[in-house]
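Okay, structure first, notes after.
The values are calculated or read from the model by the stated rules, or taken from the named source; none is laboratory data. These numbers were taken from a predicted model, which means no experiment stands behind them. No Cβ is skipped: glycine too gets one built from the backbone with ideal geometry, and neighbour counts run over all protein chains shown. We work out accessible area using only protein heavy atoms, side chains counted, and drop any ligands, DNA or RNA first. Shrake-Rupley method; radii C 1.70, N 1.55, O 1.52, S 1.80 Å.
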Amino acid sequence: MGVHGGPDIILDGLIFAIDAVNKQSWSGPNSSTVNDLMGNNNGTIYNDTSGSYGDKNSFTLDGTDDRIQIHTPDLGNTITVEMWAKFDTTTRNQVPFAWRYYLIYNKSDTIGFNTGNGDVYGISATQISDAGATNSWTQWVYVMHSNVSYTNNKIYINTVNQTLSAQNGASEHSGLRNFNSGYGNIGIYGPSSANSPGAATGLFWLGECGNFKIYNRELSVSEVTQNYNALKNRFI
């Protein structure tokens, strides 16, 4: 296995990577330290009330208060976030990762980008189900542009580019806030600070994640597919 999860993983623009099975990134269930494979943006697992930081194959969070907080890398204005994850879809209102207003999972049974007023611009529960992403290992890829319309963002499920739309009455489509606007560190699988989406309302994530990456550019469809093929035999 390569340093970043496989020999065929796209490295161009990769600025952050953690992997539960890579000993350079995480030594296992007895360690609360998570190391960035691309640099110095290391993280810490907090509030492990379930008694395990994972099962050697994935980070496992209990949906109550577990989270991983990392130092924020220099993100730029366009990023691609990729995660291989298994979402517990029975628990609503969760944030698998966050800065200030970025991603909301299972907000009224949808997944997408917080519009800033509590609504979601993204995909529906039907799309999630049709893609086979309900309680199963799935490659999720989010392309995000700051300070532009939400219609420029993308969500891929197992390489398929989903059609995004306003969910549950969402009306504010002005776009994501600046990624480097100083709103706390990145919180992976839960809120990162008092300035992050879940801090005040406890939107902690219940699920598993094995591999998480951030790119400082938009990945093409072929690159998303290349990363999928590099890791699919591990998760599917």
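General observations
- If you filter region 182-217 down to residues that are open to solvent by less than 50 Å² (accessible area, probe 1.4 Å), in contact with a Ser or Thr (Cβ under 9 Å, 6 or more places away or on another chain) and of a type in the set (S, T, N, Q), you find that the one that is modelled with the lowest pLDDT is 192.
- Only residues that are hydroxyl-bearing (Ser, Thr, Tyr), open to solvent by less than 30 Å² (accessible area, probe 1.4 Å) and touching a residue at least 40 places away in the same chain (Cβ under 8 Å) were counted in region 125-153, giving 3.
- Residue match in region 74-94 (condition: at pLDDT below 80, out of contact with any helix residue (DSSP H, G or I) (no Cβ under 9 Å at 6 or more places or on another chain), aliphatic (A, V, I, L, M) and assigned to a loop (DSSP other than H, G, I, E, B)): yes
- Scanning region 218-229 for residues that are in a helix (DSSP H, G or I) and either modelled with pLDDT under 95 or of a type in the set (S, T, N, Q) (or both) yields a total of 5.
- Inside region 115-156, residues that are at pLDDT 85 or above, β-branched (Val, Ile, Thr) and more than 19 Å from residue 206 (Cβ to Cβ) make up a count of 5.
- Some residue of region 6-23 being modelled with pLDDT under 80 and either crowded, with 23+ Cβ neighbours inside 10 Å or hydroxyl-bearing (Ser, Thr, Tyr) (or both): no
- Considering (1) out of contact with any Pro (no Cβ under 9 Å at 6 or more places or on another chain); (2) in a loop (DSSP other than H, G, I, E, B); (3) at pLDDT 75 or above, the lone condition that residue 50 does not fulfil carries the number (3).
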